[in-house]
Amino acid sequence: MITAPQLEIAVLLLGMAILMFEAFATRVDKRVLAFAAIVGLALILIASFFVSPTPSPDRATGLWNFYTADKLSVFFKQFALLTTIFVLIMMIDYAPVVRASFPGTTDGLGEFFSVPIFTCVGLMYLVSAVDFIFIFVSLELVTVSFYVLVSFTRKNPVTLEAGVKYLVLSALSTAFLVYGIAWIFGATGQTNLQRITEALANPNTDHSAALLGVVLVLVALGFKIAAVPFQIWVPDVYQGAPTPVTAYLSVGSKAAGFVVLLRVLRPFVTLPQMQRLLVLIALLTLIYGNLAALPQGNLKRLLAYSSIAHSGYLLIGVVCLDGNAVVFYLAAYFLMTLLSFAVLVIVAQQTGEQISDFDGLAKRSPFLAFAMLIGMVSLAGVPFTAGFLGKFFIFYAAILQRQIALVVIGVITVGCGFYYYLKVVRAMYWQPANKAEDIPISGLSRLAISALIAATIWLGVYPQPILNMLKR
Amino acid sequence: MPPLLFWVFALLMLIFGVAVVVNRNPVASALSLVVSFLGLAALFMSLDAYFVGIIQVLVYAGAVMVLFLFIIMLLNLPAEERRQINWLAAAGGIGVALILLVQICAVIGHFQAAHQTLPPLPRSTTDDVWNIGALLFSNYNLPFQIIGVLVLVATIGVVLLSRREPR
């Protein structure tokens, strides 16, 4: 029988094996490493379905002090593995760009394929973390590996700027996290989330000190999930980072951030002050993300603002404490965002990242244009796509909780979203093409994109499998 | 430790911490950071955390800062140019920081534990190093090992991002 901690160890060993192979097998085409990593991760993904979710014992000792293997964490371990697999597929397509930034050597590419595996380990630990010490350590593992990945093609000044910005602002947010943890520890004397909840039930515990701590932790997590007012870094970093890394940041990092947010806020979210604060953050995030996305001409930047906007919808779910709605939305967001980025990686190498570079894509590559169409209409929330049902469950939860302001602003901003997502669709289908030649797609990418299209539509029409998985 | 010494070291830390940011000369900034670290080490020692205090001096004030100074001098970094300060943004930043300060002071004002003298800790029969080591390798073994992975990733990153191109 496989237990959950073995999954991370397997991924860790895979990462080290690939790194060692990279170091000693100098003559091999480095893309072999990526294929090996994809196969290895896929095997671990299959193995993860045989893990039985076991909640950690009540009076936990040793490993179970820090680690839980409940169904939420197992689901998100699979989520992290799948994200990493898709990111690696994108990275294979992106390899020429990386190679160009390390001229004269074959170096760099092997590390480009192996660092995401360690990020994946960090994400998998993070979604299982139930202790602030462990949350901090695994969050740092994720962040440090993203420092490397974001500034990977450092020859490009835009990438370098993104790398420095991410490093400085992320370090600042870590400082807030540690300060917040110190306050919570000072008020409750515990770092384990379960025991913090118990300590808070004790009337002798100072609630205002614990609340200050949680708000400081919220600052750090707000940075990770790109919530307003901690979103300043998002557009520049998303635009400057290598495109597969941007996809990884916007899906993996954000999903893990939300899982931690759900776990950390659980003891506090019913307090009226916390409710007001979260509603305010959700409203600001919705309005800012959607309005700022309107004038964007660069697709990567547009997706960055759209990522902020989607954080707003997810935060509505967090305010209503509806974990299942949040998880379903994240699953839908995973599909449609990866779909858009997968097309973007391929098209950007042929023409560019501007929306005008997508002019007439339907003529040049009907397949890619259709994939982008599905991605965009799902991000906008058109019925019969995963994005629509995600938004539906979120708004339904908000209506049940009588959060009328959130629902009204949410629906208005969805309308905004239609404008800027369909701008891309218009460019692809109604604008004349600048160039005529076809865009080549590798077989693996075609397979991955087809799978994402199918899953986006399938989840939009028949969401029962995911819902059952969450209820179980 | 008498409260007077706490205030002396805390003020020392804060003043030199500000000096790190304000100084235009990188060497002066680095040296201010050393003094700030020494103040922090003294505060750790006043809490009977001798091991942490000594590590703070040895590793941070010693090794890390010497490395900083070496790099600054080897690169021969010039003093930072005088920048145009955006006073509106600066005022906004100071305003937010002040609000946070007031908030923290208010919470400390309510915080019961901050107003009473706690009984001294029982004298430990083992030394600090033993205590920390035992904790790291028993209860906190899992986070400790993940830090190992973190350091591995950081090493890969440093080697990769700082390498020079072959000519």
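Could you state the accessible area per residue of the range A:144-232 in Å², with a 1.4 Å probe and every protein chain left in place?
38 Å²
Averaging Cα coordinates gives a centre for the range A:401-429 and one for the range B:14-51; these two points are 50 Å apart. Rounded to the nearest 10 square angstrom, residue A:280 shows an accessible area of 100 square angstrom against a 1.4 Å probe.
Measuring only protein heavy atoms, the 1.4 Å probe finds residue A:449 accessible over about 0 Å². Among A:379-385, B:124-130, A:440-446, the peptide with the highest mean count of other Cβ atoms within 10 Å heads the list, and the full ranking is A:379-385, A:440-446, B:124-130.
Spin-label model, residue A:367/residue B:87: points 7 Å from Cα along the beta carbon direction are separated by 6.2 nm. Projected label points at residue A:324 and residue A:198, each 7 Å from Cα along the beta carbon direction, are separated by 2.9 nanometres.
In a DSSP loop and with at most 15 other Cβ atoms within 10 Å, the trypsin sites (Lys or Arg not before Pro) in the range A:83-191 are A:155. Among the aspartates and glutamates, which fall within straight-line cross-link reach of residue A:435, defined as a Cα-Cα distance under 12 Å, with same-chain neighbours fewer than 8 residues apart omitted? Once the sequence-local aspartates and glutamates are set aside, what remains near residue A:435 is A:357, A:359. Compactness check for the range A:22-168: Cα Rg over 2.2 N^0.38 Å is 1.19. Between residue B:77 and residue A:458, the distance separating the two model label sites (each 7 Å from Cα on the Cα→Cβ line) works out to 5.4 nm. The angle between the Cα long axis of helix A:31-48 and the main principal axis of chain A comes to about 40°, on a 0 to 90 degree scale. What is the range A:296-472 by shape, rounded, prolate or oblate, if you read a ≥ b ≥ c off the alpha carbon gyration tensor as root eigenvalues and call it rounded for a/c under 1.5, prolate for a/b larger than b/c, and oblate otherwise? Here the range A:296-472 falls in the prolate category.
What accessible area per residue, rounded to a whole number of Å², is obtained for the range A:1-101 using a probe radius of 1.4 Å?
Heavy-atom accessible area per residue stands at 46 Å².
Among residues other than residue A:238 with Cβ under 15 Å from its Cβ, the summed charge is +2 (Lys and Arg +1, Asp and Glu -1). Largest first, the residues A:22, B:81 sort by 1.4 Å accessible area into B:81, A:22. Fully extending the segment from residue B:116 to residue B:22, taken as 0.36 nm per residue of separation minus the present Cα-Cα distance, adds 30.2 nm.
Using equal-weight Cα scatterers in the Debye expression, the normalised intensity of the range A:198-331 in log10 at q = 0.11, 0.20, 0.21 Å⁻¹ is -0.40, -1.13, -1.22. With a/c under 1.5 counting as rounded, go ahead and sort chain B into rounded, prolate or oblate using the C-alpha gyration tensor (a ≥ b ≥ c being the square roots of the eigenvalues; past the cut-off, prolate if a/b is larger than b/c, else oblate). Oblate is the answer for chain B, as a/c is 1.5 or above yet b/c matches or exceeds a/b.
Residues of the range A:284-313 with an amide N closer than 14 Å to a point placed 7 Å from the Cα of residue A:419 along the Cα-to-Cβ direction: A:287-297.
For the range B:127-167, what does the alpha-carbon gyration tensor say about shape, rounded, prolate or oblate, given a ≥ b ≥ c as the root eigenvalues, a/c under 1.5 as rounded, and a/b over b/c as prolate?
Values: a/c = 8.16, a/b = 3.12, b/c = 2.62.
Prolate, because a/c is 1.5 or more and a/b exceeds b/c.
Multiplying the residue separation of residue A:447 and residue A:431 by 0.36 nm and subtracting their alpha-carbon distance yields 3.0 nm. Centre-to-centre separation between the Cα atoms of the range A:297-311 and those of the range A:121-199: 23 Å. Summarised as an ellipsoid, the range A:1-104 has semi-axes of 33, 14, 12 Å, derived from the eigenvalues of the Cα gyration tensor scaled by 5 and square-rooted, with the largest first.
Report the Rg/Rh value for the range B:70-167, based on alpha-carbon coordinates and the Kirkwood definition of Rh.
Values: Rg = 24.0 Å, Rh = 20.7 Å.
Rounded to two decimals, Rg/Rh equals 1.16.
Accessible area ranking (1.4 Å probe, heavy atoms, ligands and nucleic acids excluded), largest first, for A:320, A:416, B:105: B:105, A:416, A:320. Computed over protein heavy atoms with a 1.4 angstrom probe, the accessible surface ordering of B:115, A:207, largest first, is B:115, A:207. Each part gets one Cα centre, and for the range A:359-390 versus the range A:455-472 those centres are 19 Å apart.
Eigen-decomposition of the gyration tensor built on the alpha-carbon atoms of the range B:1-80 gives equivalent ellipsoid semi-axes of 26, 16, 5 angstrom, largest listed first. Helix A:254-265 axis versus longest C-alpha principal axis of chain A: approximately 10°, rounded to the nearest ten. Mean residue ellipticity at 222 nm, helices only, chain A: -25500 deg cm²/dmol; runs of at least 4 DSSP H residues each add -39,500 (n - 2.57), and the sum is divided by the number of residues. For the protein assembly as shown, dividing the convex hull volume of the Cα atoms by the residue count gives 180 Å³ per residue. For the residue pairs A:300/A:363; A:77/A:224; A:224/A:423; A:30/A:77; A:165/A:224, the C-alpha atoms sit more than 20 angstrom apart in A:300/A:363; A:224/A:423; A:30/A:77.
The values are calculated or read from the model by the stated rules, or taken from the named source; none is laboratory data. Fair warning: this is a prediction, and the values are worked out from it, not measured in the lab. All Cβ positions, even for glycine, are placed from backbone atoms using ideal geometry, and neighbour counts span all protein chains on display. Note: areas computed on protein heavy atoms with side chains; ligands, DNA, RNA excluded. Shrake-Rupley method; radii C 1.70, N 1.55, O 1.52, S 1.80 Å.
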